[in-house]
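Asks: Below is one structure. I have some questions about it.
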Amino acid sequence: MKNSNKPQNPAVGPVLLAAALLMGASGAQASYPDLILTSHPVAYYRLEEAADAVTAVDSTDNHFDGTYVYGQDPLSVTYPQLGQPGIDINSALFKISTPTSFVDLPYQPDMSPTLPDGLHGGPFSVECWAEPTTQPSDYSVPLSNFGAYSTGAYGNASGWNFYQTPGPSSSWNFNLKNGAFLGSGVTIELTKWYYLAATFDGSTAVFYVNGVQVGSQGGIAGYLSNPQYNAQIGAGDNTGFLPFAGGVDEVAFYTNVLSSADIAAHYAEGTNSFRAVATPPVFLQEPASLTNYAGFTVTFSSVVSGTAPLSYQWKRAGDPIPGATNSSYSFQAAYPGDDGATFSLTVTNSIGSANAGPVTLTVLTNLNILGAPFSIARNEGSYAAFRVGVTGAGPISYRWSKNSTPLSGETNATLWLPGVSLADDGATYAVTLTNPFVSTNLTATLNVHPRAATAPSTPYSLLVAADHPVAYWRLDGAADSAAAVDTAGSFDGTFFDTADGGGVFSYQVPTGIPNDSDTALGISSGATVKVPYALELNPDGDWAVETWFSPASLGADGGDYRVILSSEYNLFPNPYHGWYIYQQPNGTIAFVPQPGNQFIIEGPNDPANNNVLVPGKWYHLVVTKDAAAFTVYINGEARGSFPVPGSGFIQNGINGDTTVEGGDFVIGKRTDGAFNPFSGTVDDTAVYNYSLPAAKILAHYLNSPRISIQQSGDKVVLSWAAGALQFSPAVNGTFTNLPAATSPYTYTPDGLQGYFRLLIQP
């Protein structure tokens, strides 16, 4: 059964406008289906059919009827369930089942408008009502008109779909394939009805939730219409994501673009048209038995429909738990007190009550080693890192040692070793893991190799080196270069060109870095630089990645996104880990951390060129991650950010061992080969194991380290982005390092002249 609560109008303005539009000359109110039909849909599925119906009727004169495809859930309940409360009368309830339950809508050209070229999509609108009943583990699709992944122009699929993002705090998204990926920022409440609508006018896509525009993107040239595949209500088989769990109602397809006033009117009338049915509580999702570690929070949850208000009471061993009166119940598991405890739930309303359970909690005390520290070989002067991936009963403490001698202060999951020396060759590093119940010791070995000759220094390379990158690829080698040399670390890359099934490199191309004589690397036709996975390139804490690039074109001719950098582990069909950065056909940059698939889309601050990339122009690009946010910098300016907490981001790899997990760091293509490769020129790419500060990023973009001086009372404060601060009492005198000086540095004048300068060196 469905919750009869109606969505609330998010704004007064659209509702008043809708009310005016719904009144005819006589003042009579139109019904919801009458209103929809006046907007001239090419197909309109009301899902009014009774239980066991075969045909989903198209209410337009086109009679593009669909077919109900039934399946059963693990309790042998058949879905979709028809005749559920909905707009005017009925709706359909879907759930993950075997086989997948959905409404199959045979392919119709009018439902997938195509331009005269027979490839790119023409204008359209689509709308539906959806009522989620679960927080899914992956993307969940209530409505799709999506073409399968194929070859050629359709290699990256086609069409569009709505979907619910993964929980625990899911939201609505609209994906116009090869054109726009629009999020809503609307956090979903389960068992609430939402009105979803999207329009595309041939260039701009707009996404609406509950009658309000929540996202838009213009300049779209790469969108491909679904060429031949059936649409689906309640699933999206071709997307590779989960079917939908929840109610769907009033699905309409258009070849015209609905106005914002039309959409506001549809939403307003729909909220006033739900069938009110008084029902007792019914469990759509019952509590399940749980297993978790001591010290972790456990949550028993439920989804219940029925006439509001609903009253909840959780019980332990049959006795009511004080204060446990919500749809979910959370607490920190303790051993042995909670091990084997049973819980149940009673839900009551004015009509009746329903019970679920009892279910059981199992509390574990062990440590689960996901990846032990991995033995490594590194170059002299390089960073080296060991990490242990572990879950288990908490709290967990870490204690690192070298050759059995404890290392002071090293009590984190990752041990960072800066500037390893030949004296460290063969050293054994160990970590002792302890929780209140057990303790274990794990070891790994470090081998250190002499460093080969490094590339000649330039002003820019000295500036970068002074900021201590973990890896730094100058990309200035000649055509016969054996590798893309990492001049800071141990992570040389391999060139993959035509001989290796890749594309074409152009070596020693002029750089776009200002005031520098360095050369760059041209990439085309799928050529890539691949760096084998390493823990140091994928820190589990703060980090930054930096590159210079110049696109050969905007990519619209390729009809796909073009990936500049990637460090990703493909766990398909499970969520990916890591991140990638790509150039969009509309001239913006997207950064995507996985597996949440939220991302930043921004262009450079270039009003003269509509704030989009210009082919042949050079750009400085940096992405930083700290505990609070991901931030994208273009040409020294922060152009966009979003919070790390709640993003679901998981680093690429666990402990440095690719047999456990880990994908290559790749310049010029996504690690797994998806999307199109980059075409253009790249230069000076670096990875850092800290979040590069904004001042340093600007200094790199300008290639100009500077000292700023400000007076503070009788003192002066000096700030700088890179290098060592030096002092001399005379401008032509001998400058000496101030070893304790870090930015910002406060200096008290002594009445005599003093001069400061920066020393930039590796």
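Asks: Count charges around residue 652 for me, please; just the other residues with Cβ under 14 Å from its Cβ, Lys/Arg as +1, Asp/Glu as -1.
Replies: Once positives and negatives cancel, what remains is -3.
Asks: What is the sum of charges, Lys and Arg at +1 and Asp and Glu at -1, for the other residues whose Cβ falls under 14 Å from the Cβ of residue 77?
Replies: Net charge in that neighbourhood comes out at -2.
Asks: Let me ask something additional. Over the range 252-364, with every protein chain in place, what whole percent of the accessible area is carbon and sulfur at 1.4 Å, could you tell me?
Replies: Carbon and sulfur: 49 percent of the exposed surface of the range 252-364.
Asks: Hey, which lysines would be in cross-link range of residue 192, C-alpha to C-alpha under 27 Å, not counting anything within fewer than 8 residues on its own chain?
Replies: Candidates past the 8-residue exclusion: 2, 6, 95, 315.
Asks: Please compute, for the alpha-carbon atoms of the range 230-340, the extent along each of the three principal axes and give them in descending order in Å.
Replies: 64, 37, 22
Asks: In the range 287-435, if the dipole is taken from +1 on Lys/Arg beta carbons and -1 on Asp/Glu beta carbons about the Cα centre, which of 432, 314, 348 is farthest to the positive end?
Replies: Of the listed residues, the answer is 348.
Asks: Return the aspartates and glutamates within reach of residue 696: Cα separation strictly under 14 angstrom, same-chain partners fewer than 8 residues apart disregarded; answer none if there are no such residues.
Replies: The qualifying aspartates and glutamates are 467, 546, 637.
Asks: Tell me the Kirkwood radius of the range 75-121: reciprocal of the mean inverse pair distance over distinct alpha-carbon atoms, in Å.
Replies: 13.7
Asks: For the chain, with the dipole built from +1 on Lys and Arg beta-carbon atoms and -1 on Asp and Glu ones, taken about the Cα centre, which of 297, 148, 547 lies farthest toward the positive end?
Replies: Farthest towards the positive pole: 297.
Asks: Any chance you could tell me what percent of the C-alpha pair distances in the chain go past 51 Å?
Replies: Distances greater than 51 Å cover 25 percent of the Cα pairs.
Asks: Can you give the accessible area of residue 644, probe radius 1.4 Å, in Å² rounded to 10?
Replies: 20
Asks: Return the long-range amide H neighbours of residue 139 (sequence gap of 5 or more, or a different chain), with a cut-off of under 5 Å between placed amide H atoms.
Replies: 242
Asks: Additional query: Keeping every protein chain in place, order 476, 486 by accessible area at 1.4 Å, biggest value first, i.e. largest first.
Replies: 476, 486
Asks: Protein chains only, probe 1.4 Å: how do 49, 286, 637, 536 rank by accessible area, largest first?
Replies: From most accessible down to least: 286, 637, 49, 536.
Asks: Give me the accessible area per residue for the chain, probe 1.4 Å, as a whole number in Å².
Replies: Result: 40 Å² per residue.
Asks: Place +1 on the Cβ of every Lys and Arg and -1 on the Cβ of every Asp and Glu in the range 390-515, take the dipole about the Cα centre, and give the residue among 460, 417, 494 whose Cα lies farthest towards its positive end.
Replies: 417
Asks: Just how large is the dipole of the range 143-296 about the Cα centre, in debye to the nearest 20, putting +1 at every Lys and Arg Cβ and -1 at every Asp and Glu Cβ?
Replies: Once rounded to the nearest 20, the dipole reads 200 debye.
Asks: Looking at the range 628-762, I'd like the Rg to Rh ratio, where Rg is from alpha-carbon atoms and Rh is Kirkwood's inverse mean 1/r.
Replies: 1.11
Asks: A follow-up question, please. Run the numbers on the range 371-432 and let me know its relative contact order in percent, using alpha-carbon pairs under 8 Å that are six or more apart.
Replies: 42
Asks: Would you rank 582, 154 by solvent-accessible area, highest first, keeping every protein chain in place and using a 1.4 Å probe?
Replies: Output order, biggest surface exposure first: 154, 582.
Asks: Near residue 31, within a Cβ-to-Cβ distance under 12 Å, what is the net charge of the other residues, with Lys and Arg +1 and Asp and Glu -1?
Replies: Result for the neighbourhood of residue 31: -3.
Asks: Over all pairs of distinct alpha carbons, what does the Kirkwood formula give as the hydrodynamic radius of the range 80-169, in Å?
Replies: 15.6
Asks: Could you tell me how far the Cα centroid of the range 210-237 sits from the Cα centroid of the range 276-338, in Å?
Replies: If we compute the Cα centre of each part, the gap is 37 Å.
Asks: Another question about this same structure. Please give every one of the lysines within straight-line cross-link reach of residue 530, meaning a C-alpha to C-alpha distance under 16 Å, and leave out same-chain neighbours fewer than 8 residues apart.
Replies: 669
Asks: Work out the length of the dipole vector of the chain about its Cα centre, built from +1 on the beta-carbon of each Lys and Arg and -1 on the beta-carbon of each Asp and Glu, and round it to the nearest 20 debye.
Replies: 1440
Asks: Same structure again: Could you please state how large a percent of the accessible area of the range 151-213 is carbon and sulfur, counting protein chains only and using a 1.4 Å probe?
Replies: 48
The values are calculated or read from the model by the stated rules, or taken from the named source; none is laboratory data. Owing to the predicted nature of the structure, the values given are computational and were not obtained by experimental measurement. So basically every Cβ, Gly included, is an ideal-geometry build from the backbone, and we count neighbours across all protein chains shown. Note: areas computed on protein heavy atoms with side chains; ligands, DNA, RNA excluded. Shrake-Rupley method; radii C 1.70, N 1.55, O 1.52, S 1.80 Å.
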